[in-house]
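Right, one structure below, let's go through it.
The values are calculated or read from the model by the stated rules, or taken from the named source; none is laboratory data. Being a predicted model, the structure only gives us computed values, none of them experimental. So basically every Cβ, Gly included, is an ideal-geometry build from the backbone, and we count neighbours across all protein chains shown.
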Amino acid sequence: MELEKALSQDESKGGVLAHLEKLETQVNRSRKKLEEPQGAQAVESSLGTKIRDKLRSEVKQRQARVAVRDTSVEPDQTLEISEQKAWERKRENVKAILQAYRFTGLSGKLTSRGVCVCIHTAFEGTLLDSYFVDLVIQKPLRIHHHSIPAFIPLEEISAKYLQTNIQHFLFSLCEYLNAYAGRKYQADQLQRDFAAFLAGPLQRNSLCNVLSFTYKVELRGQAFTFCARLLYKDLTVTLPTDVTVTHQGMDTLPTSWEEQRASHENLFCTKALHKVFASFTQREKLDMSLVH
Amino acid sequence: MDETVAEFIKRTILKIPMTKMMTVLKAWDFLSENQLQTVNFRKRKESLAQDLVLLCEENGVSLNDAALLDIIYTQFHRHQRVWDLFQMAKEPGEDIDLSDMEQFKSSFKKILQRALKNVTVTFRDTEENAVWIRIAWGTQYRKPNQYKPAYVMYYSQTPYAFISFSQLRSNTPLLCQALTIASKHHQIVKMDLRSRYLDSLKAIVFKQYNQNFETHNSATHLQERRLGLDINMDSRIIHENRIEKDRVHRVTQEIFGDYSQPRLEFAQYKLETKFKSDLNGGILAEREEPLRCLVKFSSPHLLEALKSLASAGIADAPLSPLLTCIPSKGMNYFKIKDK
């Protein structure tokens with residue numbers, strides 16, 4: 001493929017950033033060609049993942065080199081580097097980071113007093129909301145304003161990383177936001193496309209990390225109602241950490257349905273919420289076709 | 001049906017302005033479309049209210065329904081109450097909040113009911129995962145007073161609660177305690193921010209008042225806009241202090257931004273500082289004790305007024321940071337002491 005060729009050729013010319021820029025134009029070109037949604041998204045996301053992983057490893061290498069350089073320079077010259085130079089160096093560093101991180105969903109624009117970072121969230125190839133953080137490059141580094149929802153622990157993350165490691169701060173924030181967006185997307189999809197299965201309203205909270213719902217499943221003429229409670233104890237994941245599915249009703253569950261219940265628990269743990277219900281729909285359709 | 005409930009509903013309906021009557025009743029969703037159509041809304045309010053109360057009785061209205069109507073009325077007229085802001089905190093290193101709204105509500109209600117035998121607690125969910133709570137206070141021996149309720153607006157999984165107290169202030173500590181425990185926090189503190197404009201308080205504390213972010217597209221538009229201003233001006237008019245005007249405009253933009261300011265009605269500064277004077281003598285200059293004085297700025301829209309001070313020539317630009325820090329610090333009550 002032309003992309004593989006490009007990767008090997010450009011390794012020798014220019015630095016890592018030039019390399020990244022070339023990759024960027026390649027992807028932009030190929031993105032424009034692939035207009036059709038379904039097939040395009042699959043190809044694009046696998047391409048995107050490949051590029052992103054390659055970028056991540058390259059950036060990490062570069063960072064390691066820069067970090068070594070920085071630590072060797074600073075002790076001797078701290079007194080001589082003026083405030084202005086330190087500010088400029090920080091600015092250039094941030095600029096380089098942002099250029100590199102375009103594909104991980106982070107983009108940014110340098111402003112008069114710092115940088116405005118935009119975090120694009122996505123879940124399984126679907127682009128979701130974008131959030132902004134406007135940073136002022138000063139000592140100490142501070143957040144000027146932002147559009148992060150109030151229930152995302154922004155203060156905690158800033159307290160831990162903002163002053164010491166801005167990359168980690170951005171990545172951590174990215175993780176939380178992407179995970180939140182993914183969970184919200186799954187809950188919204190469930191309410192939108194599979195409302196027929198639900199026997200009552202979907203109960204959720206701001207972070208979408210506690211979901212409770214009651215649903216009915218029909219198989220071979222029998223119907224049972226199950227109560228599911230999904231807990232996402234880790235705010236950086238999009239699959240639940242704890243799932244309990246219980247049977248709703250007075251009668252005891254026959255063994256075959258007990259197996260169903262257990263398999264549902266497993267399904268919710270391993271598959272995205274709306275995909276689980278999509279599989280229920282498929283199974284019902286199959287069931288119906290077998291009967292007739 | 002309880003006479004007190006009927007009276008309560010009647011008094012609530014009488015408060016609603018005629019222009020909003022239909023909207024509020026529809027939001028309440030207690031009377032059906034058909035029932036509403038049988039009512040003549042052109043009558044005098046007194047007799048309209050009576051008709052509506054009769055319809056409510058037909059539907060078997062409860063105290064809870066009446067309380068919901070009161071909440072909806074308050075939601076439409078939130079600026080008639082003064083809102084205080086409270087911030088809650090967890091212990092450091094605590095587990096992730098796994099509570100859901102139903103747990104919060106039942107926990108909150110239980111705590112209040114355990115402490116005070118007579119209390120009416122009503123909830124109404126809103127979008128954006130917030131809940132409005134209405135609390136009517138009674139005592140061990142008296143039924144709750146439905147005409148002096150307190151209101152709380154709480155966004156789940158955030159540390160902020162917006163509280164509008166009733167005149168019965170003695171129940172404040174209990175209310176704060178119930179909120180803190182039910183939302184799984186450890187501590188609650190009153191912030192120095194208060195206003196009638198609940199939405200502005202929300203914008204300030206959640207830092208949503210400035211949603212203008214510089215993206216790759218935005219900066220060019222700003223430039224074009226500024227040039228456009230210049231081109232349209234009459235070339236026969238020369239501004240003598242053009243440079244200063246531009247400087248003031250630029251500084252104001254930098255501090256206040258391009259967006260509409262959140263609405264506050266006042267800012268209060270309690271000064272406990274020693275009197276500073278350029279003159280050598282003077283009675284006040286001799287004092288060792290700090291001068292105590294209160295300065296209050298009031299306005300229908302304080303921050304917009306402050307923003308226009310420099311360009312109107314009334315104050316120097318940049319304005320004192322004590323004035324400009326109000327939205328970013330989330331305070332409009334200040335105590336200033338000598339360092």
The lone condition B:LEU36 fails out of (1) surrounded by fewer than 17 Cβ atoms within 10 Å (Cβ to Cβ); (2) hydrophobic (A, V, I, L, M, F, W, C); (3) in the same structural domain as B:LEU179 (by TED's automatic domain parsing) is (3)
Only one of these conditions is not met by B:ASN171: (1) without any contact (Cβ under 8 Å) to a residue 60 or more places away in the chain; (2) surrounded by 19 or more Cβ atoms within 10 Å (Cβ to Cβ); (3) within 14 Å of another protein chain (Cβ to nearest Cβ); (4) in contact with a strand residue (DSSP E or B) (Cβ under 8 Å, 6 or more places away or on another chain). Which number is it? (3)
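Yes/no matrix, rows are residues, columns are (1) touching a His at 6+ places or on another chain (Cβ under 8 Å); (2) surrounded by 15 or more Cβ atoms within 10 Å (Cβ to Cβ); (3) closer than 30 Å to A:LEU230 by Cβ; (4) of a type outside the set (Val, Ile, Thr):
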residue	(1), (2), (3), (4)
B:ARG42	no, no, no, yes
B:GLU46	no, no, no, yes
B:GLY60	no, no, no, yes
B:TRP83	no, yes, no, yes
B:GLN103	no, yes, yes, yes
B:LYS109	no, yes, yes, yes
B:ALA115	no, no, no, yes
Those residues of segment A:118-129 which are crowded, with 16+ Cβ neighbours inside 10 Å and more than 9 Å from chain B (Cβ to nearest Cβ), in sequence order: A:ILE119, A:HIS120, A:THR121, A:ALA122, A:PHE123, A:LEU128
Positions within segment B:19-62 being among the β-branched types (Val, Ile, Thr) and within 20 Å of B:PHE8 (Cβ to Cβ), in sequence order: B:VAL24, B:VAL39, B:VAL53, B:VAL61
Out of B:LYS184, B:LYS207, I need the residue that is more than 21 Å from the chain's Cα centre (by Cα), within 14 Å of chain A (Cβ to nearest Cβ), closer than 26 Å to B:THR126 by Cα and modelled with pLDDT under 90. Which one? B:LYS184
Can you name the residue in segment A:186-211 that is away from chain B (no Cβ under 14 Å) and out of contact with any helix residue (DSSP H, G or I) (no Cβ under 8 Å at 6 or more places or on another chain) and is also farthest from B:LYS105 (Cα to Cα) among such residues? A:ALA196
A:THR214 more than 13 Å from chain B (Cβ to nearest Cβ) and over 30 Å from the mean Cα position of the chain (by Cα): no
Residue check: is B:GLN103 within 28 Å of A:SER212 (Cα to Cα) and of a type in the set (S, T, N, Q)? yes
Would you confirm whether or not segment B:71-89 contains a residue that is part of a helix (DSSP H, G or I), farther than 17 Å from B:GLN187 by Cβ and within 13 Å of chain A (Cβ to nearest Cβ)? no
Please specify each residue of segment A:220-236 satisfying the condition of being under 28 Å from B:ASP97 (Cα atoms) and either within 13 Å of chain B (Cβ to nearest Cβ) or in contact (Cβ under 8 Å) with a residue 40 or more places away in the chain (or both). A:ALA228, A:ARG229, A:LEU230, A:LEU231, A:TYR232, A:LYS233, A:ASP234, A:LEU235, A:THR236
Restricting attention to segment B:36-53, which residues are within 35 Å of the chain's Cα centre (by Cα) and part of a helix (DSSP H, G or I)? B:LEU36, B:LYS45, B:GLU46, B:SER47, B:LEU48, B:ALA49, B:GLN50, B:ASP51, B:LEU52, B:VAL53
Look through segment A:151-198, keep the residues that are touching a residue at least 40 places away in the same chain (Cβ under 8 Å) and farther than 20 Å from A:LEU239 by Cα, and return whichever of them is farthest from the chain's Cα centre (by Cα). A:PHE197
Kindly evaluate A:GLN282 against the criterion of being under 26 Å from A:TYR232 (Cβ atoms), without any contact (Cβ under 8 Å) to a residue 12 or more places away in the chain, part of a helix (DSSP H, G or I) and not charged (D, E, K, R). yes
